Amino acid sequence: MARGFFNVPKAVNEPVKGYAPGSPEREELLAMYKTMFNSNTDVPMHINGAEVRTGNTKNITPPHDHKHVVGQYHTADKKHVDEAISTALAAREAWSSVSWTERASIFLKAASLLSGPYRARMNAATMIGQSKNVYQAEIDAACETIDFFRFNVEYMTDLFKDQPISSEGVWNRVEYRPLEGFVYAISPFNFTAIAANLPAAAALMGNVVVWKPSDHQAYSAQVIVELLKEAGLPDGVINVVYGDPVMISDTVLASPDFSGLHFTGSTHVFKELWKQIGNNIHTYKTYPRIVGETGGKDFIWVHNSSNPLQVATAMIRGAFEYQGQKCSAASRSYIPASLWPEVKKYLIAQASELKMGSPEDTSNFVNAVIHEGSFDKIASFIDAAKKDTDVEIIIGGNHDKSVGYFIEPTVIVSTSPKYATMTTELFGPVMTVYVYEDADWEACLQLVDETTEYGLTGAIFSKDRYIVEKASKALENAAGNFYINDKPSGAVVGQQPFGGARASGTNDKAGSAQNLLRWASVRLIKETFVTPVDFKYPFMG
Ligand code: NAD
């Protein structure tokens, strides 16, 4: 019970460590990588705080060295999913009524533990299990996770402060109740921070959670669970199950107590889940909250008033960091004909310096794509492009899965703006360029807007403010995160709340008060101090 209007520590973004040669953080991280890479980790499920091992295991293999096994994770039968639901519900009474300061304290402590003693292990797990280089692991697994925890605590208290006015003799107040039931969190492979935030945001607001991480993120998911346990998260608040996503979702979504979905992943899966929730709507005790951040086909549109070197740099970073496996990764660019020769020259020069390989070798900018299914999909589009007459591959085009799932950063130039790689989310290191006539810049903006079903991120480049204003208006609905003279990726919690609309999601902005509000059901309380005793109003006199 809080006895005071407590202020929480002011949230600031976690400083990104540099990992320069000779730095202590680099030595610690690379030593941790080596130890973890050469040991075997057994990843259990977590139900009611207990480690659950079913013996039905799947191997964990680094995408950049897929014959090497670093551990295994245990998968659920239906009865484990039922147990996860019932233990979450059993934990609800205590968790939903504990003072918000206790919940805040747990996540603030988790942030501090991750900033210190857990940092190297979380980053190393992400490097090994998801094939991220040191920097990509640091900005995601360490910094963004810490930022989510700290900023969400601040946003929660900001929400709590949002109260209605009261009139004479009346006290109006609202309380931010957790949802009645449990929240189902389903996370993708590509960001450790998103995996941590999906269950944590709901739990911070007092909800109990069943969390299904991606099979391809199980290694760092285990570190998240250990971190939250050490920070004091009580048993049963977040229950973790792995395995067949269809069976798990069928079981969860059939529960009358299902009260919210916190999803990040592909558009198709989200739409299917939404449909299933709709079909089950008569089963539920309350209308479930549905929050989903989904796919993208993110653009860079360039006006001829731009600097070609800046454009090429944004294209390289935007398209190839983390092998293009960011939902915000740029994958289609529109370049004016007059600027193209110079942009192309810089692209080729910069791409020639991109090294690819294991994240253990820190000189590698590019690592492996996540799994064989993803590799085969991306490779098939590249191979088709090699044969198609209306496209030309000007950079990369090679791929090799003998040791790891390596796809060379690839730039395709297409004479057709609706070519397959201009419209399909490949989720790999492939950028397609469409060169337009300078005079057609306005028509090109319309093309950018209409080419895909998505609306996640996009960038425009121009030095001309009239053009910037016109492009911003023309692309008003084409991106939920819109960048001017910068790459369209790299959103930072607290600075660029993230999310898109159209087929890219419900745009509830991860890492914002808006998102937290989805995990609360507001109760208005009106208290009258002198209660009327006569039903008649003056006008009746
Ligand atoms: P995915 O859709 O394959 O998987 C996401 C999660 O859904 C995983 O946990 C997976 O096991 C589960 N899942 C898969 N099939 C399911 C089913 N039939 N029923 C229930 N759950 C199911 O996505 P991914 O490959 O892990 O991640 C990449 C996708 O996520 C891309 O489309 C990317 O754009 C998107 N993404 C979007 C954002 C965003 O903020 N908009 C952020 C990260 C990733």
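The values are calculated or read from the model by the stated rules, or taken from the named source; none is laboratory data. Model, not experiment: these values are computed from the prediction. No Cβ is skipped: glycine too gets one built from the backbone with ideal geometry, and neighbour counts run over all protein chains shown.
List pairs: first in segment 527-540 and closer than 17 Å to residue 170 by Cβ, second surrounded by 10 or more Cβ atoms within 10 Å (Cβ to Cβ) and not polar (S, T, N, Q), Cβ under 6 Å, 6+ apart or cross-chain? From residues that are closer than 17 Å to residue 170 by Cβ, the pairs are 527/171; 528/170; 529/169; 530/169.
Residue pairs whose Cβ atoms lie under 7 Å apart, sitting 6 or more positions apart in sequence or on different chains, and linking a residue in segment 378-404 that is at pLDDT below 95 to a partner that is of a type in the set (S, T, N, Q), are 390/414; 390/415; 390/416. I'd like to check something: does segment 347-367 contain any residue that is outside the structural domain of residue 268 (by TED's automatic domain parsing), among the hydroxyl-bearing types (Ser, Thr, Tyr) and either crowded, with 21+ Cβ neighbours inside 10 Å or within 24 Å of the chain's Cα centre (by Cα) (or both)? Yes, some residue in segment 347-367 is outside the structural domain of residue 268 (by TED's automatic domain parsing), among the hydroxyl-bearing types (Ser, Thr, Tyr) and either crowded, with 21+ Cβ neighbours inside 10 Å or within 24 Å of the chain's Cα centre (by Cα) (or both).
Which residues, counting only those in segment 452-467, are within 20 Å of residue 339 (Cβ to Cβ) and not basic (Lys, Arg)?
Filtering segment 452-467 for residues within 20 Å of residue 339 (Cβ to Cβ) gives 458-467.
458, 459, 460, 461, 462, 464, 466, 467, listed by residue number.
Beta carbons closer than 8 Å, at least 6 apart along the sequence or on distinct chains, pair a first residue in segment 91-105 that is farther than 11 Å from residue 232 by Cβ with a second that is of a type in the set (Asp, Glu) for 91/235. Tell me whether segment 300-316 contains one or more residues that are at pLDDT 95 or above and within 11 Å of the ligand (Cβ to nearest atom). No, there is no match, as no residue in segment 300-316 is at pLDDT 95 or above and within 11 Å of the ligand (Cβ to nearest atom).
Checking each residue in segment 1-47 for being within 30 Å of residue 87 (Cβ to Cβ) and modelled with pLDDT under 95 picks out 1, 2. Of everything in segment 490-530 that is among the β-branched types (Val, Ile, Thr) and away from the ligand (no atom under 16 Å from the Cβ), the residue that is farthest from residue 262 (Cα to Cα) is 530. Considering only residues in segment 368-400 that are exposed (fewer than 13 other Cβ atoms within 10 Å of the Cβ) and hydroxyl-bearing (Ser, Thr, Tyr), the one that is farthest from residue 216 (Cα to Cα) turns out to be 389.
Tell me which strands (runs of 3 or more DSSP E) are completely within segment 1-67 and hold 3 or more residues being surrounded by fewer than 17 Cβ atoms within 10 Å (Cβ to Cβ), or say none if there are none.
Here the list reads 57-60.
Scanning segment 442-488 for residues that are within 30 Å of residue 152 (Cα to Cα), among the hydroxyl-bearing types (Ser, Thr, Tyr) and either touching a Pro at 6+ places or on another chain (Cβ under 7 Å) or crowded, with 24+ Cβ neighbours inside 10 Å (or both) yields a total of 2.
Scan segment 169-201 residue by residue and report those that are within 16 Å of the ligand (Cβ to nearest atom) and among the aliphatic types (A, V, I, L, M). Once the filter is applied, which keeps residues that are within 16 Å of the ligand (Cβ to nearest atom) and among the aliphatic types (A, V, I, L, M), segment 169-201 yields 183, 185, 186, 193, 194, 195, 196, 198, 200, 201.
Just to be sure I understand, how many residues within segment 138-161 are in contact with an Asp or Glu (Cβ under 9 Å, 6 or more places away or on another chain), surrounded by fewer than 23 Cβ atoms within 10 Å (Cβ to Cβ) and among the hydroxyl-bearing types (Ser, Thr, Tyr)?
The first filter runs over segment 138-161 and keeps only residues in contact with an Asp or Glu (Cβ under 9 Å, 6 or more places away or on another chain), leaving 138, 142-147, 150, 160.
From the residues that got through so far, the ones that are surrounded by fewer than 23 Cβ atoms within 10 Å (Cβ to Cβ) too are 160.
Now drop any that are not among the hydroxyl-bearing types (Ser, Thr, Tyr), which leaves none.
Residues flagged as in contact with an Asp or Glu (Cβ under 9 Å, 6 or more places away or on another chain), surrounded by fewer than 23 Cβ atoms within 10 Å (Cβ to Cβ) and among the hydroxyl-bearing types (Ser, Thr, Tyr) within segment 138-161 amount to 0.
Exactly one residue out of 440, 486, 464, 449 is acidic (Asp, Glu) and free of Cβ contacts under 8 Å to residues at least 24 places away in the same chain: that is 440.
If you go through segment 371-409 one residue at a time, how many are within 29 Å of the chain's Cα centre (by Cα) and assigned to a loop (DSSP other than H, G, I, E, B)? Walk me through how you get there before you give the answer.
Of all residues in segment 371-409, those within 29 Å of the chain's Cα centre (by Cα) come to 371-382, 395-401, 403-409.
From the residues that got through so far, the ones that are assigned to a loop (DSSP other than H, G, I, E, B) too are 371, 396-398, 401, 403-405, 408-409.
Residues meeting the conditions: 10.
If I ask for residues that are surrounded by fewer than 19 Cβ atoms within 10 Å (Cβ to Cβ) and among the hydrophobic types (A, V, I, L, M, F, W, C), which ones from segment 404-422 would you list?
To start, the set of residues in segment 404-422 that are surrounded by fewer than 19 Cβ atoms within 10 Å (Cβ to Cβ) comprises 415-418, 420.
Matches in segment 404-422: 420 only.
Once segment 340-375 is narrowed to residues that are under 23 Å from residue 394 (Cβ atoms) and of a type in the set (Asp, Glu), the residue that is nearest to the ligand (Cβ to nearest atom) is 353.
Only one of these is touching a helix residue (DSSP H, G or I) at 6+ places or on another chain (Cβ under 8 Å), within 16 Å of the ligand (Cβ to nearest atom) and of a type in the set (Asp, Glu): 144, 138. Name it.
On the way: 138 fails: within 16 Å of the ligand (Cβ to nearest atom).
Criteria check complete, one pass: 144.
Here's a check for you: in segment 478-489, which residue that is in a loop (DSSP other than H, G, I, E, B), more than 9 Å from the ligand (Cβ to nearest atom) and not basic (Lys, Arg) is nearest to residue 465 (Cα to Cα)?
Let us first name the residues in segment 478-489 that are in a loop (DSSP other than H, G, I, E, B), namely 478-480, 485-489.
If we keep only those that are more than 9 Å from the ligand (Cβ to nearest atom) too, we end up with 478-479, 485-489.
Next, from what is left, pick out any that are not basic (Lys, Arg): 478-479, 485-486, 488-489.
Values: 478: 19, 479: 19, 485: 11, 486: 15, 488: 19, 489: 22 Å.
The qualifying residue nearest to residue 465 (Cα to Cα) is 485.
Considering only residues that are crowded, with 22+ Cβ neighbours inside 10 Å and not β-branched (Val, Ile, Thr), look in segment 492-507 and name the one that is nearest to residue 292 (Cα to Cα).
Our first condition is that a residue be crowded, with 22+ Cβ neighbours inside 10 Å; within segment 492-507, this holds for 493, 498-500, 504-505.
Now narrow it down to the ones that are not β-branched (Val, Ile, Thr): 498-500, 504-505.
Values: 498: 12, 499: 9, 500: 10, 504: 8, 505: 5 Å.
Ranking the candidates gives 505 first.
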